[in-house]
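Q: If you scroll down you'll find the structure; I have some questions about it.
Derivation of every value follows stated rules applied to the coordinates shown; laboratory data play no part. Since the model is a prediction, treat every value here as computed from it, not as a measurement.
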Amino acid sequence: MIDWVQRKLTELLVSYLNSSTGNYEPFSISSPETLELVLQPADVLLVEGNQRFSTAVKYLTQSTWSHAALYVGHARNLENLADGTPALIEADLKNGMIASPLSKYEEFNTRICRPVGLDADELQRVVEFMVDSIGMSYDLKNVVDLARYLIPTPPVPNRWRRGMLALGSGDPTRVICSTRIAEAFQSVAYPILPRIERMTEAECEQCSDSVREILHIRHHSLFTPRDFDVSPYFQIIKPTIHRGFDHRQLDWDDAPHES
């Protein structure tokens, strides 16, 4: 009986957090067709969400981006998607790890973050890692934790906010949106935001440089959508510029603006 009540309460909470805040205003969106022309498999697509759940993520990360998905190219044998559909793999609050069409985010501000230097085999391994994750459930323990931070100005010091996003159950069969993507890149030893230890020449006799940097992998539960944006190892791709932009070709409205 207790388990049934807890499950129902969690379902109600998920439904509430998954609903729109109603005050979202996109400023710069790219059509699915434009994104498809630019995206490459293993690109990370960041999304500025409009759900109540997004509010907590944005607050705790002090970032525009509340969701991350991995682009896997055109769908082949992916559940619920017709072959050839431009596809994302993402963690959905209600349904867990799923494949979604790129068009799902056509009304949202997005950002493309591209890993640099991975060869074809490594890119494929990242994609397959995410595809193999389909069906995993979302970490609802994390949902309950984050729900506490939906009040307008929760008293959480800056230095503690990242830790609030690592509160999940720890169950390896459960995920949140950015952690599984982080695991995918860690599976091919690609850095996101590693912890850097700097060794002096005295500490490292065989170092050729005066200071040697040793990278330490952060636990995947500590990664947020924002980290792919600020990572020095991901290139930011802006479709308008990437496809060729000439400001001289813009048609400006020269009519007087109302004050």
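Q: Length gain on complete extension for the stretch residue 118 to residue 106, per 0.36 nm per residue less the alpha carbon to alpha carbon distance?
A: Numbers: separation 12, 0.36 × 12 = 4.32 nm, distance 2.79 nm.
Gain on stretching residue 118 to residue 106: 1.5 nm.
Q: Can you list residues whose amide H is under 5 Å from residue 96's amide H, if they're 5+ apart or on another chain and H is modeled 1.01 Å from N?
A: Under 5 Å from the amide H of residue 96: 138.
Q: Once phi is turned into θ = phi - 60°, what whole-Hz ³J(HN,Hα) does the Karplus curve with 6.51, -1.76 and 1.60 give for every residue of the stretch 233-241, x standing for Gly and Pro?
A: Per-residue couplings from phi come out as 9, 10, 8, 7, 10, 10, x, 4, 6 Hz.
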